[in-house]
Amino acid sequence: MDRGPAGGRRVDLELMRTPPPKERADAARNRAKVLEAAAALFARHGVESVTMDAVAAAAGVGKGTLFRRFGDKAGLAVALLDERERDLQDAILSGPAPLGPGGGDAAVQPSERLHAFADAYLDYVLAHLSLVRMSETASPGARYRIGAYGFWHRHLTILLDQTVPDGEAQAHALLAVLGAEHLTAMVETVGPGRARAAVHALFNAAGPQEAAPA
């Protein structure tokens, strides 16, 4: 039974987190202005329609500054998603069960935490699908170079290792179905509800056979 990533497991996950950027006060203000402008433009016009020039103009910064800081639009997407990913990671590390370890003495089954992760991750991705898709597909292998992927993979491996012989490999397989490109195709074809049910069915098959949450 899983009582959360305590001790070495928690330290293991903590070390996989990307620390917040350390920067001067003026640089932090410019970063906040750029991200606020980008978020507003993406929400108004859609991610694909917004140019880096438009973001620079809306934020009141030079194009060179914007490109040096974020590289491209995918870099902007990663930066915008960073805080939301941190919130999810915090919930996994120290939040209430079943997503987190909880604070009581009651044990939480690994399968419960797997399904809780699937729901929480789907909530996050489906709410920001265009941004996540851009961050994951900007270049070949981009999804796997994002620090958060390593965190999600290690979390699932820790849970799966308690119930299956090769948790590491199965964690990769489960995360594959949560890729934004794949989810975009699923949602467009079968809708978010059926896509979520299908993901839970796959998570169910990875461990003890229990009914997925309704």
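Readers should treat all values here as calculations from the given coordinates under stated rules, not as data from a laboratory. Here the structure is a predicted model, which means the values were calculated and not measured. Heads up, the Cβs are rebuilt from the backbone with ideal geometry, glycines too, and the neighbour counts pull from every protein chain shown.
Taking R0 as 30 Å, what FRET efficiency do you get between ALA58 and ALA176 from their Cβ-Cβ distance, rounded to the nearest 0.05?
Numbers: r = 36 Å, r/R0 = 1.20.
Computed FRET efficiency for ALA58 and ALA176 comes out at 0.25.
For the chain, the residue among VAL177, LEU126, LEU114 whose Cα projects farthest onto the positive side of the dipole built from Cβ charges is LEU126.
Taking 0.36 nm per residue of separation and subtracting the Cα-Cα distance, what length does fully extending ASP105 through GLN162 add?
Numbers: separation 57, 0.36 × 57 = 20.52 nm, distance 1.86 nm.
Gain on extension, ASP105 to GLN162, equals 18.7 nm.
Would you kindly calculate the translational diffusion coefficient of the range 143-198, applying Stokes-Einstein with the Kirkwood radius from alpha carbon pairs, for 10 °C and a viscosity of 1.306 mPa s, and quote it in µm² s⁻¹ without decimals? Calculated translational D: 130 µm²/s. Under the criterion of Cα pairs below 8 Å and six or more residues apart, the relative contact order for the chain equals 22 percent. When you count the other C-beta atoms within 10 angstrom of each residue and take the mean per peptide, 109-118, 91-100 line up highest first as 109-118, 91-100.
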